[in-house]
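Reading through the structure tokens given below for one structure.
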Amino acid sequence: MKKHFTQFLNRPKNSRGQVALFIALIFQILFIFFAMVINVGLLVHHKINLQNSVDLAAYYGAMKQSEGMNAIGHINYQIRQGWKLLTFRYRMIGSAGDFETHPYNKDSKGPNGSIEDEIGSTNVGFYDAPSFCATYVPFKPMPKDENTCRQMSTMSGVKLFQPPAIIAGFLGFTSSVRAATEAMRDMAIQQCKIFGTYNYLLLGSFVVAFKKDQRDRSAAIATLANGLSYAEDDFYDLDGDLASKGIRTTLRNNLTTANNDSMKDGDIKIYNSLGSESCNGSGVAKDNPPKWLSPIKIYPAFNYIDTRCSKEMIQPVGKQLPSTAGDESLYPEHYKEQPPSVVRQVQELGQFIGLINPISNLYNFSVGVEKNPWCMAYVGVSATASPNIPFSPFGAIKLVARSFAKPFGGKIGPWYKAGWAPGSNISNTGKKIDNNLPPRVMDLSAVTKDAMDPTRAANYSRFVGDPFGLKTRNVLYQFGKAIYELDPRWASSTAADLNSQASVNYTDGAPNFKHWDHLPFDYGKKGGDLLAWDWDKQQPSRMRYLELAAIQPDLFDLAYYSIEPDYYHNYYLRIRDKYMKGPGSSFNGDNKSFLPDYGYHQGYKAGSENLEEFSVKNQFVDAKKAFASSEVIENRLTYMVKQWDHALTGWADISLSDYSLSTSKLGKCQYPKVGEDDLEVPTSGNCAVGGTSGFSVKTVSHDYLMKQDLNLGGDSAGSGPLLNPPPEDF
């Protein structure tokens, strides 16, 4: 009993607090686990934030890169349109005066007559490499009923009537007849000497105007492309700003405070693939593009009808424009018998018409540039941050993120050939993509210099796989008829046709040689307009609408070019007002002009027609004015694209979560840009909802960029690595 009582007395008076002691013992362990959760969570958060920020920065850089490539691609298309304009002038205007083989039958044309025409598939022989002749009625100011082009396809001579023999007894009378005959013959001979020279001057002006225009546009491409290749860690955007500024700002604006505070400028690296030594502009001459673009220099031939004039015969003679600058043997036969101003113009044009040494000279014939597929455009961004994370047992932890983004889905333009082997600086395998283009200068060893070689005659494909280009009788007929019907005397006199043409203005005197008086050199100073213009009335010439119809986008263009419908507002103004006054200031000089799309005419605004702000979308409107019947474009010249939104062939995704190509948007615009009249808010492609134009942007992996077996040069070219992979330390 005593034992139990003693145990009771010795028992603690209060046993509470024993759990607290246990918690105190394990609190530190729990706190460590809690701190680890917080630490790891913040670490993952900052790492994700850093990666997302780097992704956005790379995306921003690639977006600026794609804008520059979109502008380059569209200017490249402008050069294509310039070549189409020259080809139209050479083949359509230069051959419509023929009465022998041209499909538009002028002989059967009368006030109440009908036209019986054969519109077969192709013309062979003469139309493979035609001779240019424009000295025919209805061109003004040709003499009435004069046509030195009537038999141009056979180049047959036109014998002059001979004076009668002197017969005794009728001396007084025959002397008078003889004098009159000789006077008329001398007049015909003088006209003969002028016509051959004029054919040379007009065709030469067309050719040299194209050469100057493509020189200026090629120089603009080079200026923009060299800005994109400014440095391996930077480039200029279209606003003339260094892209690194926007890339860094985008990165920092998306960082957490901890990441941002721990990051120094040296912790951000930028890689511009187009600035790589293998692809940039180091070592290239002024106004030439960097290595990732190669000019497509071609070697075309142009023939014209010269005239050999004597007392016995006026002989049309087919002659080639000079293939090399200053080749006087190909000047018109009687040009030195013309006024000094004409002699001077013949000689001046001769210095620019043919090839000029060196071949890289920008005045030499070019149809634009082709992009080297082994120089891939992309932007890389990497960043390092060491954020201070609470409860970190090791202090600040170094975080590293890297991302690459590239433009895709757009088109600078077609290669000359179908394949581009690794290591080559030009496309060099397979067939020509545009089978109707003249040969390249690089291929001269395999090219004949014969002007009648049809492969050298100016031509182009209207659709993929086109075997004929502008040689088809349908094209010759439709444009030949339209050229003649610019003159009201040749327009149909039926009541229905007269009613359909009631709104046509015939007061500009088209077709008229004076409407090209600003060519070949003065168009830059006279409105920046290469097309026909009525200088007497200061208004568009109706010949201009035919020229716009000839160059409007066709099916081949949609397949190989990124066409910006509203280039003037989306790109031109930015480049002109910002880029060309900043990093592109070297473009200025050498009498170069930086111009918008064809159809632009500075300062011309009349009613709803505003040629000051003219782009491809406006070309579609004016091209429809070219023909008396809309059926020509709708049902006859079926290779022509009918409306501007068909050019929206860029990549358009299905949704924000599905980047697959949406075929329902391709070439369609559900809603044009919001506020069509609000020029302050241009929209790429001129479309708010629907298809797109040009390059989009996507992220790519480092592993892809480092692959050694990429297939980028076409089926016939083989595989290989990029010329500009990311640096090893990036």
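The values are calculated or read from the model by the stated rules, or taken from the named source; none is laboratory data. Since the model is a prediction, treat every value here as computed from it, not as a measurement. For neighbour counting, all protein chains shown are included, and Cβ atoms are generated from backbone atoms with ideal geometry for every residue, glycine included.
Values computed for the structure shown
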| quantity | calculated |
| --- | --- |
| Lone qualifier among Ser66, Ser53 - being within 30 Å of Asn254 (Cα to Cα), at pLDDT 60 or above and touching a Pro at 6+ places or on another chain (Cβ under 6 Å) | Ser66 |
| In the range 675-706, the residues that are at pLDDT 85 or above, assigned to a loop (DSSP other than H, G, I, E, B) and under 26 Å from Ile654 (Cβ atoms) | Gly691, Thr692, Ser693, Gly694, Phe695, Ser701 |
| Failed item in (1) modelled with pLDDT under 95; (2) at negative phi; (3) not basic (Lys, Arg), with Ile221 passing the rest | (1) |
| Flag if Ser153 is crowded, with 20+ Cβ neighbours inside 10 Å and at pLDDT below 80 | yes |
| Those residues of the range 653-672 which are among the charged types (D, E, K, R) and either touching a Cys at 6+ places or on another chain (Cβ under 8 Å) or loosely packed, with under 13 Cβ neighbours inside 10 Å (or both), in sequence order | Asp658 |
| In the range 294-322, the residues that are among the hydrophobic types (A, V, I, L, M, F, W, C) and either over 30 Å from Ala222 (Cβ atoms) or in a strand (DSSP E or B) (or both) | Ile296, Ile298, Ala301, Ile305, Cys309, Met313, Ile314, Val317 |
| Cβ-Cβ under 7 Å pairs, at least 6 apart or on other chains, the range 67-90 side within 16 Å of Asp554 (Cβ to Cβ) and touching a residue at least 40 places away in the same chain (Cβ under 8 Å), far side part of a helix (DSSP H, G or I) and acidic (Asp, Glu) | Tyr77/Asp557; Arg80/Asp557; Gly82/Asp213; Leu85/Glu547; Phe88/Glu547 |
| Residue within the range 568-577 that is buried (at least 23 other Cβ atoms within 10 Å of the Cβ), more than 15 Å from the chain's Cα centre (by Cα) and modelled with pLDDT of 95 or more present | yes |
| Filtered residue count, the range 521-553, keeping only those that are in a strand (DSSP E or B) and surrounded by 21 or more Cβ atoms within 10 Å (Cβ to Cβ) | 2 |
| Hey, Tyr271 aromatic (Phe, Trp, Tyr) and under 19 Å from Phe352 (Cα atoms) or not | no |
| Single residue of the range 389-409 satisfying the filter (assigned to a loop (DSSP other than H, G, I, E, B) and in contact with a helix residue (DSSP H, G or I) (Cβ under 6 Å, 6 or more places away or on another chain)) that is modelled with the highest pLDDT | Ile389 |
| Residue in the range 531-538 that is more than 30 Å from Asn588 (Cα to Cα), at pLDDT 90 or above and of a type in the set (Phe, Trp, Tyr) present | no |
| All positions within the range 323-337 that are of a type outside the set (A, V, I, L, M), in a loop (DSSP other than H, G, I, E, B) and surrounded by 16 or more Cβ atoms within 10 Å (Cβ to Cβ) | Ser323, Tyr331, Pro332, Glu333, His334 |
| Leading residue by the ranking (surrounded by the fewest Cβ atoms within 10 Å (Cβ to Cβ)) among those in the range 597-637 that are under 29 Å from Ala71 (Cα atoms) and among the hydroxyl-bearing types (Ser, Thr, Tyr) | Ser608 |
| Residue identified as out of contact with any Leu (no Cβ under 9 Å at 6 or more places or on another chain), among the β-branched types (Val, Ile, Thr) and touching a residue at least 40 places away in the same chain (Cβ under 8 Å) among Val632, Val641 | Val632 |
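Conditions (1) of a type in the set (Phe, Trp, Tyr); (2) at pLDDT below 90, marked per residue:
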residue: Pro439; (1), (2): no, no
residue: Thr455; (1), (2): no, yes
residue: Pro467; (1), (2): no, no
residue: Tyr477; (1), (2): yes, no
residue: Arg489; (1), (2): no, yes
